[in-house]
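Take a look at the structure set out below.
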Amino acid sequence: MSFVFYAIAALTVAGGLAAVLLKNTVHCALALTVAFAGLALMFLELDAQFAGFAQILVYIGAVAILVVFAILLTRNAETPKDGVYSRNWLAGLVIAAGVFAVLGWAVLQSVRVLPHETTTPTVTVLDIGNALMGRYVLPLEIVALLLTAALIGAVIVAMHEKERAK
Amino acid sequence: MIETIDQIFVLLKHWLVGFLPAGLQPVASVLVSVVAIIAVFPSLFAIAVWMERKGLGRMQNRIGPNRVGPFGLFQPIADGIKSLTKEDIVPLRADAVVHFMAPVVLVVVVFMGIAVLPMGRNMTLVHMDSGLLFFFAMGASTELSVFMAGWSSRNKYSLLGAMRGVAQMISYEVPLLMSSVAVVMMTGSLSLGKIVEAQNQYTWGLPHWYIFTPWGLAAFLMYAIAATAETNRSPFDLPEGESELVAGYFTEYSGFKFALFFLGEYVGMLSISGLGTTLFLGGWSAPFSFLGWVPSWFWFFSKVMLSICVFIWIRGTLPRLRQDQLMNFAWKFVLPFTLFDLLVAALWRFMGDGWARWVVCSVILLLAYALMGGVGMYRKHFRVRSYRYAE
C-alpha cells in the first residue's frame, strides 16, 4: 500500500462522497466522474491496463455523459425544495452496507481460496481477448443478448410515445 | 548518416539526459519527451491555423491574413498575444469552477492522447500494450469537457451547442471505434507500434498500408467521416454553427480560455489525424521502399499535415448538415457499413493470400455500398434547387 494508492483512494472516496452530498445535480454527476476516474487510476495502479482504459471509455465516456443527458432532458439541475436527501436514507444505508459486506466478504474469501502468488502475473490484452472468445464466450454472448434486448426495449419505448402523439 | 538523421530526436534526447545523474535519467527522459510534445503540437497548431485561414481565403476568393510577417505567417503569434491580453470574462450567473475546468480538461485530455502515437522509429512517448484503447479513452473524455463548458456558461446557445456536440460525438464515436477494430483484427494487437510495424513491409516497392486493401479503404473512409464529426469540423460543425448558435458551447469564453478551446480543437484534429495515419496510412513508414532513407518522423508529420489539408479542403467545399441528416447518416449509413466492413475484414483474413480475396472483398463492399446508399436514398428526389429570393 503505497502513497499513490492512498492518494487515489482519497480522490475516489472524495468523488463518491461529493456525488451524494452536493446540492446541484449536475455537480453530483461531475463528482461521480471524478470517482470513476479514481477507479480507473486504481486499475492502472494495479497494472490492469485494459480494465483501467475500459473503465474510462465506458464510464466516463458513456455512462457519465448519459447521466448528465438524463438530468438535462428530464428536469433542470436546480435543487428541489425538499432538499436532496431522500427520506428513507436509512434503508439506503442498510442496503449499501449489505452490498459492501457481501463484496468485502467475497474478496476476503478469495484470498484464502486462491494460492498465494509470489510473482505478479502478467496479463496482456491478448490473454483477455483469448479468454473472452474461448472460455468465457457464453457469458459474453449472454451479455450481448441482454444489451441488444435493452436496446430494442429503448427503441420501443421511444417509438410508442411517437405513435401516441399522432 | 541516414540512421543518425532518422534518430536525431532520440539521440538529442539521450545527449540532453546524459548530463544528469543516473538516478534522475528516467524521469528526465520522460520530461524531455513531454516538453517536446507540448512544444511541437502547438507549433503545428499555429501552422495549421495559418494554413486554414490562407487556404479558406483562397477558396473563397479572399487573400486571407497578409499583414503580420511574410504571407501573414506570424498571424498566429499575434493572435496568441491578443488572446493573452484580452479580458477574461466569466458570466455573472456562470458556474465559476466548472466554467474554469472545462478548457483545462479539454487541453489535458487531448494532449494525453498524443502520448501513445508513434511519431517515428523509436519515437513513442509511452509504449502501451493497449495504446489504441488509451487513445479512445482519452478521446471519449473530451465529451465531458464540451458538456461542462456548455452547461456551466448558463447560456442557452452554449447549452444547445453542448447538447448537439455531445450527441454528435457519442454517435460518431461508435463508427470511429468500429472502423479501427478492423485494423486491430488484422494486426492482432492493440499496440500502435505493432500496427505500424505490420504495415512497414513492401512488395515490389509498394507498402502494405491498410488503406491499400478493400476493407482498409472502406474502414479508412468511415474513419475519416467519423473523425471529422468527432472534431466538430465542417460539414459536421453544428455544435458551433455560427449562424445559429453564436459559437456553440464556448460562446461565453473569452481571452485565453477561448484560445485554449481553439488549441484543444486543433490539437484534437492533429492527434486524430495522427491516429488515422498510424492505423491506415502506415504511420511513419515511407510510401515507396526506395524512399526509405527519408527520416521516419518526416513521413509521420507530412501525413498528418496532409490530413489537415484535406480537413481544410472539405471545410471549404461542403455545406453544413442538418441535425437530423447528421444523426441519420451516423446511425443508418456509417455504423452499418463499418459493421459490415468488419465481416469483410474477417473474410479477407480467412481467405488467405492470392488475388481471389481482392476481387471477392471489393465486390462485396461495392455491392454493400450501393445497396445501403440506395436504401438510404430511396424516394428522395434531388434536383437543382432554385430560390426565388436569390434569383
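A few remarks follow.
- Here B:Gly283 meets the list (1) in contact with a Pro (Cβ under 7 Å, 6 or more places away or on another chain); (2) within 30 Å of B:Arg164 (Cα to Cα); (3) assigned to a loop (DSSP other than H, G, I, E, B) almost entirely, failing just condition (2).
- Residues satisfying the stated conditions in the stretch B:374-391, i.e. modelled with pLDDT of 80 or more and either touching a strand residue (DSSP E or B) at 6+ places or on another chain (Cβ under 6 Å) or surrounded by 11 or more Cβ atoms within 10 Å (Cβ to Cβ) (or both): B:Val375
- When B:Met185, B:Met163, B:Met148 are screened for being within 12 Å of chain A (Cβ to nearest Cβ), buried (at least 24 other Cβ atoms within 10 Å of the Cβ) and either touching a Leu at 6+ places or on another chain (Cβ under 8 Å) or hydrophobic (A, V, I, L, M, F, W, C) (or both), only B:Met148 passes.
- Residue check, B:Leu132 assigned to a helix (DSSP H, G or I), farther than 20 Å from B:Arg349 by Cβ and within 12 Å of another protein chain (Cβ to nearest Cβ): no
- Test for B:Phe41: is it of a type in the set (Phe, Trp, Tyr) and buried (at least 16 other Cβ atoms within 10 Å of the Cβ): yes
- A single member of A:Gly104, A:Gly134, A:Gly52, A:Gly38 is outside the structural domain of A:Thr12 (by TED's automatic domain parsing), under 21 Å from the mean Cα position of the chain (by Cα) and at pLDDT 85 or above, and it is A:Gly104.
- Tabulated pairs, the stretch B:59-77, first of a type in the set (D, E, K, R), second assigned to a helix (DSSP H, G or I) and exposed (fewer than 15 other Cβ atoms within 10 Å of the Cβ), C-beta under 9 angstrom, 6+ apart or interchain: B:Arg67/B:Ala78
- Residue in the stretch B:8-17 that is more than 30 Å from B:Phe311 (Cα to Cα) and of a type in the set (D, E, K, R) present: yes
- In the set (1) among the aliphatic types (A, V, I, L, M); (2) touching a Pro at 6+ places or on another chain (Cβ under 7 Å); (3) at pLDDT below 85, the condition left unmet by B:Leu206 is number (2).
- Criterion violated by B:Thr278 - all others in (1) more than 23 Å from B:Val10 (Cα to Cα); (2) buried (at least 21 other Cβ atoms within 10 Å of the Cβ); (3) not small (Gly, Ala, Ser) satisfied: (1)
- Test: residue in the stretch B:202-216 that is at the interface with chain A (Cβ under 10 Å from one of its Cβ atoms) and surrounded by fewer than 20 Cβ atoms within 10 Å (Cβ to Cβ): no
- Of the residues in the stretch B:75-84, none is within 14 Å of chain A (Cβ to nearest Cβ), part of a helix (DSSP H, G or I), surrounded by fewer than 21 Cβ atoms within 10 Å (Cβ to Cβ) and not acidic (Asp, Glu).
- Residue count for the stretch A:12-27 under the criterion of being among the β-branched types (Val, Ile, Thr) and modelled with pLDDT of 85 or more: the result is 2.
- Matching entry among B:Ile89, B:Ile114 (being away from chain A (no Cβ under 13 Å) and closer than 30 Å to B:Val294 by Cβ): B:Ile114
- Odd one out for B:Leu117 among (1) closer than 19 Å to A:Tyr59 by Cβ; (2) of a type in the set (A, V, I, L, M); (3) crowded, with 23+ Cβ neighbours inside 10 Å: (1)
- One residue stands out among those in the stretch B:167-176 that are buried (at least 24 other Cβ atoms within 10 Å of the Cβ) and closer than 17 Å to A:Leu66 by Cα: the one that is nearest to the other protein chains (Cβ to nearest Cβ), which is B:Met169.
Per-residue answers, yes or no, for (1) of a type in the set (Asp, Glu); (2) within 15 Å of B:Met305 (Cβ to Cβ); (3) in contact with a Pro (Cβ under 9 Å, 6 or more places away or on another chain):
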| position | (1), (2), (3) |
| --- | --- |
| B:Gly23 | no, no, no |
| B:Val30 | no, no, no |
| B:Ser33 | no, no, no |
| B:Pro42 | no, yes, no |
| B:Glu52 | yes, yes, no |
| B:Gln60 | no, no, no |
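- Tally of residues being in a helix (DSSP H, G or I) and either in contact with a His (Cβ under 9 Å, 6 or more places away or on another chain) or closer than 16 Å to B:Met185 by Cα (or both) across the stretch B:334-360: 14
- Helices (runs of 4 or more DSSP H) lying entirely in the stretch A:1-72 (those with 3 or more residues that are surrounded by fewer than 20 Cβ atoms within 10 Å (Cβ to Cβ) and more than 10 Å from chain B (Cβ to nearest Cβ)): A:3-21, A:25-45
- B:Ser179 being crowded, with 20+ Cβ neighbours inside 10 Å and either outside any helix (DSSP H, G or I) or within 10 Å of chain A (Cβ to nearest Cβ) (or both): no
- Residue count, the stretch B:194-209 (criterion: in contact (Cβ under 8 Å) with a residue 60 or more places away in the chain, over 18 Å from the mean Cα position of the chain (by Cα) and part of a helix (DSSP H, G or I)): 1
The values are calculated or read from the model by the stated rules, or taken from the named source; none is laboratory data. Since the structure is predicted, the reported quantities are computational estimates derived from the model, not experimental observations. Methodologically, a virtual Cβ is constructed for each residue, glycine included, from the backbone with ideal geometry; neighbour enumeration extends over all protein chains shown.
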